[in-house]
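Reading through the structure tokens given below for one structure.
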Amino acid sequence: MRLSSLIAHCAMLSAATAIPLGTSSIDTSHSYSPPSGELVTRADKPILRIMPLGASITLGIGDTPKGNESGYRKPLRDEFRWRGYTVNMVGCKQTGVMKDRQHEGHPGALTTELIGFAKCQINLRPNVVLINAGTNDAKQARNRGGLPWVEASYDRMKDVIDYLYANSDGVTVILSTLLPQSDVAGNENVKIINEGYRRLVNDLKAQGCKIQLAEMNDGFINVSELVDGTHPKHETYPKMAAVWAHALTKALDKGEVRHVIQLPNPGPFPDDGPITNPALPKYPPA
């Protein structure tokens, strides 16, 4: 999608009203009961059909014990279920201890590969896509053209987001900056990529696109909280979830998350039984 058509597409989305409830697949049979016993219906909340898209951090590498690999996905999912939302994770890969464990997290993936991965289940029309990708671009820069490759991360990520807008009408994109890295050269590349991502989010917002930034590199998560200088520790993934939750809440509060498109067979959604408060770390810190 060229820049001119992207601007028109995003302007159309920003002007559009929500899909009428009669044409959505909202599930009004679920409800959420907090400890107080007060009943909060899910009927007035959009189903969150979320595609987590990225590389090994999206999969959950570094999470323990080995084989768990739920990463940020389970605490994030639990947080929004606790708030009374129906959540449906989509993707062609499945890892993690929860039942609803689909995602598109591919270890070693470059941003140039994300469109191919997203194609696998873009037909399910997610209304939210979470993107955490670019760490491998930063680490492999020396073999891929050096600084010009790093600086072109803005364009590579924009191509991915253009694809999502074109193939899942009304989708809200949440793009995260990259976590800090222990490798000095790699971390310098991360800084450049992150500046490009922040600029990209601002540029797309100015064009009327539904996009939010999940700021993963503002000091809330430090290198000491990574298991190998790249991947979060088990106890660090909930901090990532808190940052995602903050960004997604912004989108919800702005009314940017559309109701999911009716599918021939939209469910059921595996809710894993009763939910308790995941008690995510406070973000942003006081």
Quiz prompt | Check on N68, over 24 Å from Y163 (Cβ atoms) and not charged (D, E, K, R) | solution = yes
Self-check item: Residue satisfying condition, being out of contact with any His (no Cβ under 9 Å at 6 or more places or on another chain) and surrounded by 15 or more Cβ atoms within 10 Å (Cβ to Cβ), within set D155, D162, D169, D228
Solution: D169
Self-check item: segment 120-138: number of residues that are at pLDDT 95 or above, farther than 17 Å from A241 by Cβ and either of a type in the set (V, I, T) or more than 16 Å from the chain's Cα centre (by Cα) (or both)
Solution: 4
Quiz item: Given the structure, is G208 part of a loop (DSSP other than H, G, I, E, B), touching a residue at least 12 places away in the same chain (Cβ under 8 Å) and farther than 21 Å from E79 by Cβ?
Solution: yes
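The values are calculated or read from the model by the stated rules, or taken from the named source; none is laboratory data. From a predicted model like this one, the values you see are computed outputs, not experimental measurements. We place every Cβ from the backbone using ideal geometry, glycine too, and count neighbours over all the protein chains shown.
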